[in-house]
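The values are calculated or read from the model by the stated rules, or taken from the named source; none is laboratory data. For clarity, every value in this text was computed on a predicted model and none was experimentally measured. Ideal geometry is used to build each Cβ from the backbone, glycine not excepted, and the neighbour counts take in all protein chains shown. Just so you know, the surface numbers come from the protein's heavy atoms only, side chains and all, with ligands and any DNA or RNA stripped out. Shrake-Rupley method; radii C 1.70, N 1.55, O 1.52, S 1.80 Å.
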Amino acid sequence: VALRPHGFVLSGCGGAADIQKFDVMLRVAEAGHGIEAGSIALVAQLGEDLAFLLSHVSLKDVSHRLIAVILDSDGLTEATKSQAVNTAASRTGAPLLLARGAAVIKARQAGIACYELLKDTDNAPGITRDIAVADGFCGVVARNTAQLEALAGD
């Protein structure tokens, strides 16, 4: 917080309680560094903790600093031990299909953005971005510099 970042990504987020806990921690840190309360944004990364996706709790009004959620397909595949092949072209596999829908719906209910974190194997992020947007995501988040450079070239 002392570096005054624009925001944090809360990875491995388990749901509303984790978001609220992190919000309180940020509020304390902001106060300790003379930063305006609530000025640091929060993005929740879901996928590693299945509770987030299966929870019926809405994210609406959980934290005023929550601006988006990011779906981590690799984290979800690991958490579910899914062996379905999830390629940029097909994005198949029941757990991933459920998670993709749940992420978009949770974000829409809360009135916030929803992004898809590119998979380690996504070599054509432009194509993946098109699929993500068609599925209701706002876009994609690069996992490495090669993906970021490829997205910038589109």
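I'd like to know if the stretch 70-78 contains one or more residues that are touching a His at 6+ places or on another chain (Cβ under 7 Å) and either part of a helix (DSSP H, G or I) or modelled with pLDDT of 95 or more (or both). Within the stretch 70-78, not a single residue is touching a His at 6+ places or on another chain (Cβ under 7 Å) and either part of a helix (DSSP H, G or I) or modelled with pLDDT of 95 or more (or both).
Out of the residues in the stretch 104-137 that are part of a loop (DSSP other than H, G, I, E, B) and farther than 23 Å from Leu54 by Cβ, which is most open to solvent (accessible area, probe 1.4 Å)? Applying the filter and picking the extreme gives Asn123.
Looking across the stretch 3-23 at every residue that is over 29 Å from Pro95 (Cα atoms) and open to solvent by 70 Å² or more (accessible area, probe 1.4 Å), the one that is modelled with the highest pLDDT is identified as His6.
Residue count for the stretch 88-103 satisfying the condition of being assigned to a helix (DSSP H, G or I) and not hydrophobic (A, V, I, L, M, F, W, C): 3.
Of all residues in the stretch 26-50, those that are surrounded by 13 or more Cβ atoms within 10 Å (Cβ to Cβ), at negative phi and either in contact (Cβ under 8 Å) with a residue 60 or more places away in the chain or among the hydrophobic types (A, V, I, L, M, F, W, C) (or both) total 11. Sub-9 Å Cβ pairs linking a first residue in the stretch 51-72 that is of a type in the set (Ser, Thr, Tyr) to a second residue that is surrounded by fewer than 16 Cβ atoms within 10 Å (Cβ to Cβ), at least 6 apart or interchain, are Ser58/Gln109; Ser63/Gln20; Ser63/Gly38, ordered by first then second residue. Within the stretch 51-71, one or more residues are in contact with a strand residue (DSSP E or B) (Cβ under 8 Å, 6 or more places away or on another chain) and surrounded by fewer than 18 Cβ atoms within 10 Å (Cβ to Cβ). Count, please, the residues in the stretch 36-53 that happen to be in contact with a helix residue (DSSP H, G or I) (Cβ under 6 Å, 6 or more places away or on another chain) and closer than 18 Å to Gly15 by Cβ. The total comes to 6. Of all the criteria given as (1) of a type outside the set (Val, Ile, Thr); (2) more than 24 Å from Ser55 (Cβ to Cβ); (3) open to solvent by 40 Å² or more (accessible area, probe 1.4 Å), the one not satisfied by Ala142 is (3).
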